[in-house]
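Visitor: Structure below; questions to follow.
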Amino acid sequence: MKDCQKILEIKNLSVSVNNKVIIENLNLNINKGEIHAIMGKNGSGKSTLAKVISGHPLYHINEGEIFFKNINITNEEPDIRAHRGIFLAFQYPVEVPGVSNIDFLRSAYNSQMQKLKKETVDPLAFFELVNEEMKNIQIESKFLNRSLNEGFSGGEKKKNEILQMLLLKKDLCILDEIDSGLDVDALKDIANNINKFHNENNAILFITHYQKLIDYIKPTHVHIMDKGNIKISGNKNLALEIDKYGYEKIV
Ligand code: ADP
Ligand code: MG
């Protein structure tokens with residue numbers, strides 16, 4: 001595989017939070033066009049991995065390196081990583097009272113446009129743009145005027161994260177349990193949007209417990225995390241085995 005194909009390379013990563021080691025000696029390579037799923041028991045370090053890739057300041061890297069498109073981003077701030085093209089949809093999206101959803105979305109969008117030296121959009125133009133994307137995920141436009149995530153149901157929060165993903169169009173999208181809180185119809189919509197969004201130049205890393213999402217999204221790679229490391233990697237059949245036998249028998 002040529003070097004320019006690389007999106008993410010994690011080498012020998014060890015991470016701790018409050019002096020407790022959570023991830024140890026983890027390696028992961030993601031190339032353009034790939035979709036990786038991470039599964040694993042609660043507490044195995046999946047969300048920590050997602051947050052470390054996006055540069056969450058709480059987590060301390062003890063050892064190892066993270067490369068994004070061949071650039072060492074190990075010590076970079078989260079906003080720089082975002083501008084380089086990393087997007088994270090949180091497992092638990094934060095509620096931000098007083099900041100309207102549409103203002104937040106437009107500011108994230110325009111900040112990216114500025115970085116790319118492209119034209120920013122005014123509120124009216126952005127409203128049209130966001131409405132186009134919203135049609136795909138069945139969120140009503142009244143959500144735009146509410147405070148960011150405040151009082152949103154679990155499923156609405158997740159749809160809002162997907163809306164951000166669709167608007168920002170980053171090269172690596174990390175989706176942490178994007179399926180939790182969604183009913184079956186919403187799950188299908190979200191999966192269809194992820195599939196439509198994915199192309200040969202970007203990559204997706206999603207964390208899930210559910211076979212259904214694996215069936216819909218059809219990842220090229222499936223990894224099982226346990227005790228802070230990737231213990232087994234395979235294709236989507238690995239997820240089927242987990243579904244059938246459980247983690248205890250496989251890991
Ligand atoms: P998963 O997403 O696989 O369920 P997490 O990455 O959320 O697991 O957590 C892995 C381990 O790290 C758990 O034991 C969790 O309690 C611990 N952990 C994660 N974040 C923190 C934190 N901010 N402070 C203390 N412990 C944490
Ligand atoms: Mg988690």
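The values are calculated or read from the model by the stated rules, or taken from the named source; none is laboratory data. This is a predicted model, so every value here is computed, not measured. Positions of Cβ are generated from backbone atoms using ideal geometry, with glycine treated the same way; all protein chains shown enter the neighbour counts. Side chains are part of the model used for accessible areas, which takes the heavy atoms of the whole protein and leaves out ligands, DNA and RNA. Shrake-Rupley method; radii C 1.70, N 1.55, O 1.52, S 1.80 Å.
Visitor: In region 51-80, which residue that is closer than 19 Å to Gly228 by Cβ and in a strand (DSSP E or B) is nearest to the chain's Cα centre (by Cα)? Give the derivation first.
Guide: So in region 51-80, the residues closer than 19 Å to Gly228 by Cβ come out as 51-56, 58-66, 74.
Retained after the next criterion (residues that are in a strand (DSSP E or B)): 60-66.
Values: His60: 20, Ile61: 20, Asn62: 23, Glu63: 23, Gly64: 21, Glu65: 19, Ile66: 16 Å.
Checked region 51-80; the qualifying residue nearest to the chain's Cα centre (by Cα) is Ile66.
Visitor: Does any residue in region 31-50 that is in a strand (DSSP E or B) come within less than 9 Å, Cβ to Cβ, of a residue that is open to solvent by 10 Å² or more (accessible area, probe 1.4 Å) and near ligand 1 (Cβ under 6 Å from one of its atoms) six or more places away or on a different chain, and which pairs are these?
Guide: Ile38/Lys46; Met39/Lys46; Gly40/Lys46
Visitor: Considering only region 123-165, how many residues are small (Gly, Ala, Ser) and in contact with a helix residue (DSSP H, G or I) (Cβ under 8 Å, 6 or more places away or on another chain)? First the steps, then the outcome.
Guide: Of the residues in region 123-165, the ones small (Gly, Ala, Ser) are 125, 141, 147, 151, 153-155.
Going one step further and asking which of them are in contact with a helix residue (DSSP H, G or I) (Cβ under 8 Å, 6 or more places away or on another chain), we end up with 141, 147, 155.
Of the residues in region 123-165, 3 are small (Gly, Ala, Ser) and in contact with a helix residue (DSSP H, G or I) (Cβ under 8 Å, 6 or more places away or on another chain).
Visitor: I've got another one for you. Restricting attention to region 169-186, and to residues there that are touching a Gly at 6+ places or on another chain (Cβ under 9 Å) and either hydrophobic (A, V, I, L, M, F, W, C) or in a helix (DSSP H, G or I) (or both), which single residue is nearest to ligand 2 (Cβ to nearest atom)?
Guide: Only one residue fits best here, namely Leu182.
Visitor: If a residue has to be under 15 Å from Asn75 (Cα atoms) and touching a Lys or Arg at 6+ places or on another chain (Cβ under 7 Å) to count, how many in region 14-58 make the cut?
Guide: Residues in region 14-58 being under 15 Å from Asn75 (Cα atoms) and touching a Lys or Arg at 6+ places or on another chain (Cβ under 7 Å): 2 in total.
Visitor: Oh, and also: Which of the residues spanning region 110-150 are of a type in the set (S, T, N, Q) and either open to solvent by less than 20 Å² (accessible area, probe 1.4 Å) or in a helix (DSSP H, G or I) (or both)?
Guide: The first filter runs over region 110-150 and keeps only residues of a type in the set (S, T, N, Q), leaving 110-112, 114, 120, 131, 136, 138, 141, 145, 147, 149.
Those that are of a type in the set (S, T, N, Q) and either open to solvent by less than 20 Å² (accessible area, probe 1.4 Å) or in a helix (DSSP H, G or I) (or both): Asn110, Ser111, Gln112, Gln114, Asn131, Asn136, Ser141, Asn145, Asn149.
Visitor: Next question. Scan region 138-171 for residues that are of a type outside the set (Phe, Trp, Tyr), over 16 Å from the mean Cα position of the chain (by Cα) and within 15 Å of Ile102 (Cβ to Cβ) and jot them down.
Guide: Ile139, Glu140, Ser141, Lys142, Leu144, Asn145, Arg146, Ser147, Leu148, Asn149, Glu150, Glu156
Visitor: Now for a different question. I need the full set of residues from region 29-46 which are surrounded by 20 or more Cβ atoms within 10 Å (Cβ to Cβ) and within 15 Å of the chain's Cα centre (by Cα), in order please. Steps first, answer last, please.
Guide: Step one: filter region 29-46 for residues surrounded by 20 or more Cβ atoms within 10 Å (Cβ to Cβ), giving 30, 35-40, 44-46.
Within region 29-46, Ile30, Ile35, His36, Ala37, Ile38, Met39, Gly45, Lys46 qualify.
Visitor: Those residues that are surrounded by 22 or more Cβ atoms within 10 Å (Cβ to Cβ) and among the β-branched types (Val, Ile, Thr), I need them from region 159-210; list them, please.
Guide: Scanning region 159-210 gives Ile162, Ile174, Ile178, Ile190, Ile204, Ile207, Thr208.
Visitor: So in region 211-242, with the set limited to residues that are acidic (Asp, Glu) and surrounded by 15 or more Cβ atoms within 10 Å (Cβ to Cβ), which one is farthest from the chain's Cα centre (by Cα)?
Guide: Filtering region 211-242 for residues that are acidic (Asp, Glu) and surrounded by 15 or more Cβ atoms within 10 Å (Cβ to Cβ), the one farthest from the chain's Cα centre (by Cα) comes out as Glu241.
Visitor: Quick check: anything in region 11-20 crowded, with 17+ Cβ neighbours inside 10 Å and near ligand 1 (Cβ under 7 Å from one of its atoms)?
Guide: no
Visitor: So the check is Cβ under 7 Å with 6+ separation or different chains; which pairs have a first residue in region 209-231 that's free of Cβ contacts under 8 Å to residues at least 60 places away in the same chain and a second one that's open to solvent by less than 40 Å² (accessible area, probe 1.4 Å) and polar (S, T, N, Q)?
Guide: So the pair list comes out empty.
Visitor: What's the number of the condition Asp185 fails, among (1) under 18 Å from Lys159 (Cα atoms); (2) touching a residue at least 40 places away in the same chain (Cβ under 8 Å)?
Guide: (2)
Visitor: For residues in region 51-60 being in contact (Cβ under 8 Å) with a residue 24 or more places away in the chain and open to solvent by 40 Å² or more (accessible area, probe 1.4 Å), which is nearest to ligand 1 (Cβ to nearest atom)? Full working, then the answer.
Guide: Here is the first cut: in region 51-60, the ones in contact (Cβ under 8 Å) with a residue 24 or more places away in the chain are 51-55, 58-60.
From what's left, open to solvent by 40 Å² or more (accessible area, probe 1.4 Å): 51, 58, 60.
Values: Lys51: 8, Leu58: 5, His60: 11 Å.
Per the criteria, the residue is Leu58.
Visitor: Still on this structure: Given the criteria closer than 27 Å to Lys249 by Cα and open to solvent by less than 20 Å² (accessible area, probe 1.4 Å), does Ile23 qualify?
Guide: Details: closer than 27 Å to Lys249 by Cα: yes; open to solvent by less than 20 Å² (accessible area, probe 1.4 Å): yes.
So Ile23 passes the test.
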